[in-house]
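The values are calculated or read from the model by the stated rules, or taken from the named source; none is laboratory data. Quick caveat: nothing in here was measured; it's all calculated off a predicted structure. We place every Cβ from the backbone using ideal geometry, glycine too, and count neighbours over all the protein chains shown. For the accessible areas, the whole protein counts, side chains as well, though only heavy atoms, and no ligand, DNA or RNA atoms are used. Shrake-Rupley method; radii C 1.70, N 1.55, O 1.52, S 1.80 Å.
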Amino acid sequence: MEEKAKIILDGKTFEFPIIVGTENEKAIDITNLRSETSYITLDNGFGNTGSCTSGITFLDGETGILRYRGIPIEQMAEKSTFVETSYLLIYGEFPQRQKLDEFAHSLKIHADLHPDMLKFFDGYPTTGHPMGLLSAMVCSLSGYYPELLNTEPTQEDIRTTAAELLSKVCTITAYTYKKSMGEPFVAPRRDFEYIPNFLHMMFSSPHQPYKMMEEVVSALETVLILHADHEQNCSTSTVRLVGSSWANLFASISAGVCALWGPLHGGANQQVVEMFEEIQKAGGDIQKFIDRAKDPKDSYRLMGFGHRVYKNFDPRSKIIKEKAHELFAKLGIHDPLLDIAVRLEEAVLKDDYFTQRKLYPNVDFYSGIIYRAIGIPTVMFPVMFAIGRMPGWIAHWKEMKENSKSKIGRPRQIYTGERVRDYIPMEQR
Ligand code: ACO
């Protein structure tokens, strides 16, 4: 017999279907709750609300599981590339060699920016945050590729838009960096693969090609793979919500970039390193910062700790921590901030305040340390996250678009304002 949830309201029993996912996660389908009962549910921060069904990423925060299209994140990080991961997330299956080559080629041929777009960089203050520019430029791509704005895009339209986005986001990032450094732009190279091409645009100069190091490419590959998707997080839900109005992919992803920018989400990696620097400046006294974070009267938080869904450990942080140590050992770098990170992590994991609240290091705790070692400035860390998250956003937008049952997102509210009252003329206020 089909399992049903019973809800008793005003003495009357209502039944709602139970939905069971592939991994046995269960939900009460309340699609008809309001029409049948006139009640809505209230769920601040959507901690208990499923906004969709999705076949892209599975995560279990209690046991620290993360899988892309069924493949454990540990295997993806060890064996895959960011380009292959992007294909898997967006198209649902591993590509055969020829398909992967075609996909990688499409990323190479779409890397150039329209010459008019280069003028954007002149119009944006060098001190402006790069996430603002990234969001504006991603949205502006819609002006340069109007043929991709169909509200009913074909598979070919989606393929081209995805390639434009995955590819151009690297060029936009590298040019933003060059502009901030007062250096000339370095054009993308079609003979380079995705990550080497990004590093080349970032760090080559007209007279000095960037010295490509396998360890750096591999570390960046891992970090981007780990960030590639994380199901219905704040930015991905934003992409889906904006896209649910049939807004085009460029506009939807531009909104996702803005959602990611916040320090509680993708902006955390920047804040983590700034926190390490602050601790360093304060003479390395980590306890002072821990005490501040524990003080209920102080809103200060230790950045890089805690996660809405991971309540035991973040599987990505385990992988990224090893990668950071490996990179530093191979490059022979000694970064005092890494020492601070290690000491802080050790102290927090022993502290009852954090263990009772299930606050463990998240992926951003170590990602910034890796970016720093590569030479990426702190202010660009959230942009790096956006490059990594691009395939996830595209995959979710595409999945939503292809689901004939998708509806425009429109939550309800419980109104707590004034009851009806009369307009008050100016002289009586
Ligand atoms: N430092 C100190 N205390 C914390 C922290 C932290 N980093 N995170 C949560 N807490 C405390 C809260 O003060 C609260 O304490 P209380 O119960 O005494 O009031 C309790 O833990 C629960 O916190 P919530 O905010 O309810 O937890 P939520 O699940 O909503 O927040 C979040 C998750 C936003 C990630 C939070 O842990 C945080 O702010 N972390 C720091 C920012 C960060 O690292 N963000 C990156 C997230 S990962 C990513 O986006 C890739």
Residues satisfying the stated conditions in segment 346-361, i.e. open to solvent by 20 Å² or more (accessible area, probe 1.4 Å), within 24 Å of the chain's Cα centre (by Cα) and not aromatic (Phe, Trp, Tyr): Arg357, Lys358, Leu359
Quick check, is Ala347 over 25 Å from Gly375 (Cα atoms), assigned to a helix (DSSP H, G or I) and within 12 Å of the ligand (Cβ to nearest atom)? no
Single unsatisfied condition, Gly392 versus (1) away from the ligand (no atom under 12 Å from the Cβ); (2) buried (at least 19 other Cβ atoms within 10 Å of the Cβ): (1)
Residues that are open to solvent by 10 Å² or more (accessible area, probe 1.4 Å) and either of a type in the set (Ser, Thr, Tyr) or assigned by TED's automatic domain parsing to the domain that holds Glu78 (or both), drawn from segment 299-322: Ser299, Tyr300, Ser317
Could you check, for segment 91-106, whether at least one of its residues is closer than 23 Å to Ser237 by Cβ and open to solvent by less than 30 Å² (accessible area, probe 1.4 Å)? yes
Going residue by residue through segment 153-174, is there one that turns out to be touching a residue at least 24 places away in the same chain (Cβ under 8 Å), open to solvent by less than 40 Å² (accessible area, probe 1.4 Å) and more than 23 Å from Ser252 (Cβ to Cβ)? yes
Can you tell me which residue within segment 362-389, out of those that are of a type in the set (S, T, N, Q) and open to solvent by 10 Å² or more (accessible area, probe 1.4 Å), is nearest to the ligand (Cβ to nearest atom)? Asn362
Would you be able to say whether some residue in segment 314-331 is assigned to a loop (DSSP other than H, G, I, E, B) and out of contact with any His (no Cβ under 8 Å at 6 or more places or on another chain)? no
Looking at the structure I just gave you, is Asp43 free of Cβ contacts under 8 Å to residues at least 60 places away in the same chain, of a type outside the set (S, T, N, Q), open to solvent by 20 Å² or more (accessible area, probe 1.4 Å) and farther than 22 Å from Val20 by Cα? no
Only one of (1) within 8 Å of the ligand (Cβ to nearest atom); (2) surrounded by fewer than 20 Cβ atoms within 10 Å (Cβ to Cβ) fails for Ser245. Which number is that? (1)
Filter result for Phe16 (more than 30 Å from Thr161 (Cα to Cα), open to solvent by less than 50 Å² (accessible area, probe 1.4 Å) and either touching a helix residue (DSSP H, G or I) at 6+ places or on another chain (Cβ under 9 Å) or assigned to a strand (DSSP E or B) (or both)): yes
Would you check if there is a residue in segment 218-234 being more than 16 Å from the ligand (Cβ to nearest atom), out of contact with any strand residue (DSSP E or B) (no Cβ under 6 Å at 6 or more places or on another chain) and on the phi > 0 side of the Ramachandran plot? no
Find the residue count for segment 278-298, including only residues that are away from the ligand (no atom under 16 Å from the Cβ) and either open to solvent by 80 Å² or more (accessible area, probe 1.4 Å) or basic (Lys, Arg) (or both). 2
Which numbered condition Arg301 fails, given (1) within 14 Å of the ligand (Cβ to nearest atom); (2) over 16 Å from the mean Cα position of the chain (by Cα); (3) touching a residue at least 24 places away in the same chain (Cβ under 8 Å): (3)
Taking segment 258-277, which residues are near the ligand (Cβ under 10 Å from one of its atoms), under 14 Å from His129 (Cβ atoms) and surrounded by 19 or more Cβ atoms within 10 Å (Cβ to Cβ)? Leu260, Gly266, Gly267, Asn269, Gln271
1 or more residues closer than 25 Å to Arg189 by Cβ: qualifying helices (runs of 4 or more DSSP H) within segment 62-118: 82-91, 97-109
Out of all the residues in segment 255-278, is one or more within 11 Å of the chain's Cα centre (by Cα) and β-branched (Val, Ile, Thr)? yes
Ala77 meets each of (1) modelled with pLDDT of 95 or more; (2) within 16 Å of the ligand (Cβ to nearest atom); (3) not assigned by TED's automatic domain parsing to the domain that holds Glu164 with one exception, condition (3)
Kindly establish whether Glu221 is surrounded by fewer than 20 Cβ atoms within 10 Å (Cβ to Cβ) and touching a residue at least 60 places away in the same chain (Cβ under 8 Å). no
